[in-house]
Amino acid sequence: MSTDPLLKIESLHKSFGTVEVLKGVDFSMNQGEVISIIGSSGSGKTTILRCINLLEEYQQGSVTLDGVVMGYKTDNNRRVRLPESVLVKHRSMTGMAFQQFNLFPHMTALRNVTLGLIKALNMDKDEAIATAERWLERVGMLARKEHYPSQLSGGQQQRVAIARAIAMNPRLMLFDEVTSALDPELVNEVLSVIKSLATDGMTMLLVTHEMAFAADVSNRIVFMNEGVVEEIGPPEQIFKAPKSERLASFLKGTTI
(Lines give C-alpha, C1' and ligand atoms only; values in the text may rest on other atoms or scores of the structure.)
Protein backbone atom coordinates (compact mmCIF):
# COMPACT_ATOMS: atom_id res chain seq x y z
CA MET A 1 0.00 0.00 0.00
CA SER A 2 1.29 3.47 -0.89
CA THR A 3 2.36 5.67 1.98
CA ASP A 4 1.60 8.81 -0.03
CA PRO A 5 -1.44 10.78 1.15
CA LEU A 6 -4.61 10.27 -0.85
CA LEU A 7 -5.28 14.02 -0.88
CA LYS A 8 -2.63 16.72 -0.81
CA ILE A 9 -3.50 20.42 -0.85
CA GLU A 10 -0.55 22.79 -1.26
CA SER A 11 -0.52 26.59 -1.03
CA LEU A 12 -4.12 26.90 -2.20
CA HIS A 13 -5.16 30.48 -2.95
CA LYS A 14 -8.61 31.50 -4.11
CA SER A 15 -10.06 34.98 -4.61
CA PHE A 16 -13.50 36.18 -5.57
CA GLY A 17 -12.77 39.48 -7.28
CA THR A 18 -10.63 41.48 -4.86
CA VAL A 19 -11.58 39.34 -1.85
CA GLU A 20 -9.03 36.63 -1.05
CA VAL A 21 -10.94 33.75 0.55
CA LEU A 22 -8.17 31.14 0.71
CA LYS A 23 -4.77 32.55 1.59
CA GLY A 24 -2.48 29.56 1.27
CA VAL A 25 -4.15 26.39 2.54
CA ASP A 26 -1.97 23.33 3.15
CA PHE A 27 -3.00 19.94 4.49
CA SER A 28 -3.14 16.31 3.42
CA MET A 29 -5.20 13.27 4.31
CA ASN A 30 -4.68 9.55 4.06
CA GLN A 31 -6.89 6.88 2.59
CA GLY A 32 -9.58 5.84 5.05
CA GLU A 33 -9.20 9.01 7.09
CA VAL A 34 -12.08 11.26 8.12
CA ILE A 35 -11.33 14.96 8.52
CA SER A 36 -13.82 17.61 9.57
CA ILE A 37 -13.29 21.27 8.69
CA ILE A 38 -14.69 23.71 11.23
CA GLY A 39 -14.60 27.49 11.52
CA SER A 40 -16.64 30.64 11.38
CA SER A 41 -18.80 31.58 8.42
CA GLY A 42 -16.63 33.06 5.68
CA SER A 43 -13.45 31.32 6.78
CA GLY A 44 -13.17 29.40 3.49
CA LYS A 45 -14.45 25.96 4.53
CA THR A 46 -16.85 25.32 1.66
CA THR A 47 -14.53 26.97 -0.84
CA ILE A 48 -11.91 24.30 -0.10
CA LEU A 49 -14.37 21.56 -1.02
CA ARG A 50 -15.44 23.37 -4.18
CA CYS A 51 -11.81 23.78 -5.24
CA ILE A 52 -11.10 20.09 -4.66
CA ASN A 53 -14.14 19.20 -6.76
CA LEU A 54 -13.13 21.75 -9.42
CA LEU A 55 -16.38 23.66 -9.08
CA GLU A 56 -14.23 26.73 -8.46
CA GLU A 57 -11.12 27.87 -10.27
CA TYR A 58 -8.27 28.89 -8.01
CA GLN A 59 -5.42 31.26 -8.67
CA GLN A 60 -2.49 29.49 -7.03
CA GLY A 61 -1.51 26.18 -5.49
CA SER A 62 -2.42 22.59 -6.26
CA VAL A 63 -4.78 19.80 -5.31
CA THR A 64 -3.48 16.26 -5.83
CA LEU A 65 -5.86 13.32 -5.42
CA ASP A 66 -4.59 9.75 -5.65
CA GLY A 67 -1.50 10.98 -7.51
CA VAL A 68 -3.48 13.06 -10.03
CA VAL A 69 -2.93 16.83 -10.09
CA MET A 70 -6.50 18.04 -10.33
CA GLY A 71 -7.72 20.50 -12.91
CA TYR A 72 -4.53 22.19 -14.07
CA LYS A 73 -1.26 21.62 -15.89
CA THR A 74 1.92 23.66 -16.31
CA ASP A 75 2.66 24.72 -19.89
CA ASN A 76 5.79 26.81 -20.56
CA ASN A 77 5.84 27.85 -16.91
CA ARG A 78 2.21 28.94 -17.19
CA ARG A 79 -0.60 27.42 -15.17
CA VAL A 80 -3.34 26.27 -17.52
CA ARG A 81 -6.83 25.01 -16.70
CA LEU A 82 -7.44 21.61 -18.32
CA PRO A 83 -10.25 21.17 -20.87
CA GLU A 84 -13.72 20.34 -19.61
CA SER A 85 -13.51 16.74 -20.86
CA VAL A 86 -10.57 16.16 -18.51
CA LEU A 87 -12.18 18.10 -15.66
CA VAL A 88 -15.18 15.76 -15.84
CA LYS A 89 -12.88 12.76 -15.37
CA HIS A 90 -11.10 14.46 -12.48
CA ARG A 91 -14.39 15.39 -10.82
CA SER A 92 -15.51 11.77 -11.00
CA MET A 93 -12.77 10.93 -8.49
CA THR A 94 -14.74 12.81 -5.84
CA GLY A 95 -18.33 12.59 -4.68
CA MET A 96 -20.04 15.55 -3.07
CA ALA A 97 -23.15 15.99 -0.97
CA PHE A 98 -24.34 19.58 -0.68
CA GLN A 99 -26.36 21.66 1.77
CA GLN A 100 -29.22 21.53 -0.72
CA PHE A 101 -30.00 18.04 -1.92
CA ASN A 102 -30.06 18.83 -5.67
CA LEU A 103 -32.21 15.83 -6.55
CA PHE A 104 -34.04 15.91 -9.87
CA PRO A 105 -37.68 16.55 -8.85
CA HIS A 106 -39.15 14.67 -11.82
CA MET A 107 -37.20 11.48 -11.08
CA THR A 108 -37.75 8.82 -8.44
CA ALA A 109 -35.10 8.17 -5.79
CA LEU A 110 -33.94 5.14 -7.76
CA ARG A 111 -33.71 7.07 -11.02
CA ASN A 112 -31.79 9.88 -9.32
CA VAL A 113 -29.13 7.35 -8.32
CA THR A 114 -29.02 5.34 -11.56
CA LEU A 115 -28.77 8.37 -13.85
CA GLY A 116 -25.08 9.06 -13.24
CA LEU A 117 -24.19 5.38 -13.28
CA ILE A 118 -25.68 5.00 -16.75
CA LYS A 119 -24.70 8.36 -18.26
CA ALA A 120 -21.25 8.89 -16.72
CA LEU A 121 -20.03 5.36 -15.99
CA ASN A 122 -21.77 3.70 -18.96
CA MET A 123 -23.23 1.00 -16.74
CA ASP A 124 -25.96 -1.12 -18.28
CA LYS A 125 -29.39 -0.56 -16.83
CA ASP A 126 -29.63 -3.78 -14.80
CA GLU A 127 -26.22 -3.26 -13.17
CA ALA A 128 -27.05 0.39 -12.46
CA ILE A 129 -30.32 -0.57 -10.78
CA ALA A 130 -28.60 -3.24 -8.68
CA THR A 131 -25.88 -0.78 -7.64
CA ALA A 132 -28.40 1.95 -6.85
CA GLU A 133 -30.58 -0.39 -4.83
CA ARG A 134 -27.56 -1.58 -2.84
CA TRP A 135 -26.65 1.97 -1.84
CA LEU A 136 -30.23 3.03 -1.21
CA GLU A 137 -30.49 0.07 1.14
CA ARG A 138 -27.21 1.14 2.75
CA VAL A 139 -28.67 4.56 3.63
CA GLY A 140 -32.04 3.14 4.66
CA MET A 141 -33.98 4.35 1.63
CA LEU A 142 -34.61 1.21 -0.44
CA ALA A 143 -38.25 1.02 0.66
CA ARG A 144 -38.80 4.47 -0.82
CA LYS A 145 -36.94 3.93 -4.09
CA GLU A 146 -40.03 4.72 -6.19
CA HIS A 147 -40.80 7.92 -4.28
CA TYR A 148 -40.23 11.33 -5.84
CA PRO A 149 -38.32 14.01 -3.90
CA SER A 150 -41.55 15.87 -3.11
CA GLN A 151 -42.76 12.74 -1.31
CA LEU A 152 -39.66 12.56 0.91
CA SER A 153 -38.62 14.49 4.00
CA GLY A 154 -35.48 16.61 3.92
CA GLY A 155 -33.52 13.94 5.75
CA GLN A 156 -34.69 11.28 3.33
CA GLN A 157 -33.78 13.44 0.34
CA GLN A 158 -30.31 14.01 1.77
CA ARG A 159 -29.82 10.28 2.27
CA VAL A 160 -30.76 9.68 -1.37
CA ALA A 161 -28.29 12.39 -2.40
CA ILE A 162 -25.55 10.68 -0.37
CA ALA A 163 -26.38 7.32 -1.97
CA ARG A 164 -26.22 8.95 -5.41
CA ALA A 165 -22.75 10.35 -4.75
CA ILE A 166 -21.31 7.20 -3.18
CA ALA A 167 -22.74 4.91 -5.88
CA MET A 168 -20.29 6.53 -8.32
CA ASN A 169 -17.44 4.92 -6.32
CA PRO A 170 -15.42 8.09 -5.65
CA ARG A 171 -11.94 8.01 -4.16
CA LEU A 172 -12.90 10.82 -1.77
CA MET A 173 -16.29 11.84 -0.43
CA LEU A 174 -16.97 15.51 0.33
CA PHE A 175 -19.79 16.64 2.63
CA ASP A 176 -20.71 20.32 2.72
CA GLU A 177 -22.86 21.17 5.76
CA VAL A 178 -25.25 18.38 4.80
CA THR A 179 -27.47 18.89 7.85
CA SER A 180 -27.73 22.69 7.73
CA ALA A 181 -30.98 22.71 5.71
CA LEU A 182 -32.66 20.06 7.84
CA ASP A 183 -35.13 20.40 10.67
CA PRO A 184 -33.42 19.50 13.98
CA GLU A 185 -35.31 16.23 14.36
CA LEU A 186 -34.02 15.01 10.97
CA VAL A 187 -30.34 15.74 11.56
CA ASN A 188 -29.47 12.52 13.38
CA GLU A 189 -30.70 10.23 10.62
CA VAL A 190 -28.21 11.80 8.20
CA LEU A 191 -25.37 11.92 10.72
CA SER A 192 -25.93 8.23 11.48
CA VAL A 193 -25.44 7.38 7.80
CA ILE A 194 -22.21 9.36 7.63
CA LYS A 195 -20.91 7.76 10.81
CA SER A 196 -21.61 4.28 9.47
CA LEU A 197 -19.73 5.12 6.26
CA ALA A 198 -16.79 6.29 8.35
CA THR A 199 -16.86 2.99 10.23
CA ASP A 200 -16.66 1.23 6.86
CA GLY A 201 -13.41 3.05 6.11
CA MET A 202 -14.61 5.55 3.52
CA THR A 203 -12.30 8.54 3.05
CA MET A 204 -14.33 11.63 3.89
CA LEU A 205 -13.77 15.37 4.17
CA LEU A 206 -16.60 17.15 5.95
CA VAL A 207 -17.50 20.78 6.49
CA THR A 208 -19.76 20.85 9.52
CA HIS A 209 -21.04 22.95 12.38
CA GLU A 210 -21.97 19.83 14.35
CA MET A 211 -19.07 19.93 16.81
CA ALA A 212 -19.96 16.85 18.85
CA PHE A 213 -20.39 14.84 15.67
CA ALA A 214 -17.07 16.08 14.27
CA ALA A 215 -15.33 15.09 17.50
CA ASP A 216 -16.92 11.64 17.39
CA VAL A 217 -16.41 10.70 13.74
CA SER A 218 -13.14 12.42 12.76
CA ASN A 219 -9.54 11.27 12.88
CA ARG A 220 -8.46 14.90 12.66
CA ILE A 221 -10.04 18.35 12.75
CA VAL A 222 -9.02 21.32 10.60
CA PHE A 223 -9.85 24.73 12.05
CA MET A 224 -10.06 27.43 9.40
CA ASN A 225 -9.68 31.09 10.30
CA GLU A 226 -9.70 33.93 7.78
CA GLY A 227 -8.64 31.76 4.86
CA VAL A 228 -5.84 29.76 6.46
CA VAL A 229 -5.51 26.57 8.49
CA GLU A 230 -5.19 27.99 11.98
CA GLU A 231 -4.87 24.61 13.69
CA ILE A 232 -5.06 20.94 12.76
CA GLY A 233 -4.99 17.95 15.05
CA PRO A 234 -6.89 15.06 16.61
CA PRO A 235 -10.27 15.86 18.15
CA GLU A 236 -9.01 15.61 21.72
CA GLN A 237 -6.41 18.30 21.03
CA ILE A 238 -8.72 20.59 19.10
CA PHE A 239 -11.63 20.43 21.52
CA LYS A 240 -9.88 19.87 24.85
CA ALA A 241 -6.50 21.60 24.50
CA PRO A 242 -6.57 24.10 21.62
CA LYS A 243 -3.28 25.85 20.98
CA SER A 244 -4.76 28.80 19.09
CA GLU A 245 -6.46 31.60 21.00
CA ARG A 246 -8.81 32.07 18.06
CA LEU A 247 -9.82 28.41 18.17
CA ALA A 248 -10.37 28.57 21.93
CA SER A 249 -12.61 31.60 21.39
CA PHE A 250 -14.51 29.86 18.57
CA LEU A 251 -15.18 26.84 20.79
CA LYS A 252 -16.19 28.86 23.83
CA GLY A 253 -19.45 27.51 25.17
CA THR A 254 -19.14 24.28 23.17
CA THR A 255 -19.63 21.12 25.20
CA ILE A 256 -18.08 17.97 23.75
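The values are calculated or read from the model by the stated rules, or taken from the named source; none is laboratory data. Keep in mind the model is a prediction, meaning the values are calculated, not measured. Glycine gets a Cβ as well: all are built from the backbone with ideal geometry, and neighbour counts include every protein chain shown.
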Pairs, first free of Cβ contacts under 8 Å to residues at least 24 places away in the same chain in region 138-155, second among the hydrophobic types (A, V, I, L, M, F, W, C), C-beta under 8 Å, six or more apart: LEU142/LEU136
Residue in region 87-105 that is at pLDDT 95 or above, surrounded by fewer than 13 Cβ atoms within 10 Å (Cβ to Cβ) and outside the structural domain of VAL187 (by TED's automatic domain parsing) present: yes
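Which of the residues that make up region 163-185 are in a loop (DSSP other than H, G, I, E, B), among the charged types (D, E, K, R) and within 12 Å of the chain's Cα centre (by Cα)?
Once the filter is applied, which keeps residues that are in a loop (DSSP other than H, G, I, E, B), among the charged types (D, E, K, R) and within 12 Å of the chain's Cα centre (by Cα), region 163-185 yields ARG171, GLU177.
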Number of the condition not met by ALA248 [criteria: (1) in contact with a Pro (Cβ under 8 Å, 6 or more places away or on another chain); (2) outside any helix (DSSP H, G or I)]: (2)
Single residue of region 141-170 satisfying the filter (of a type in the set (Gly, Ala, Ser) and crowded, with 16+ Cβ neighbours inside 10 Å) that is farthest from ASN102 (Cα to Cα): ALA167
Answer residue from region 58-77, given it is without any contact (Cβ under 8 Å) to a residue 40 or more places away in the chain and not β-branched (Val, Ile, Thr) and is nearest to GLU10 (Cα to Cα) among those: MET70
Only listed residue being assigned to a helix (DSSP H, G or I) and in contact with a Ser or Thr (Cβ under 6 Å, 6 or more places away or on another chain), chosen from VAL160, VAL190: VAL190
Identity of the residue in region 54-65, outside any strand (DSSP E or B) and in contact with a His (Cβ under 9 Å, 6 or more places away or on another chain), that ends up nearest to ASP4 (Cα to Cα): LEU54
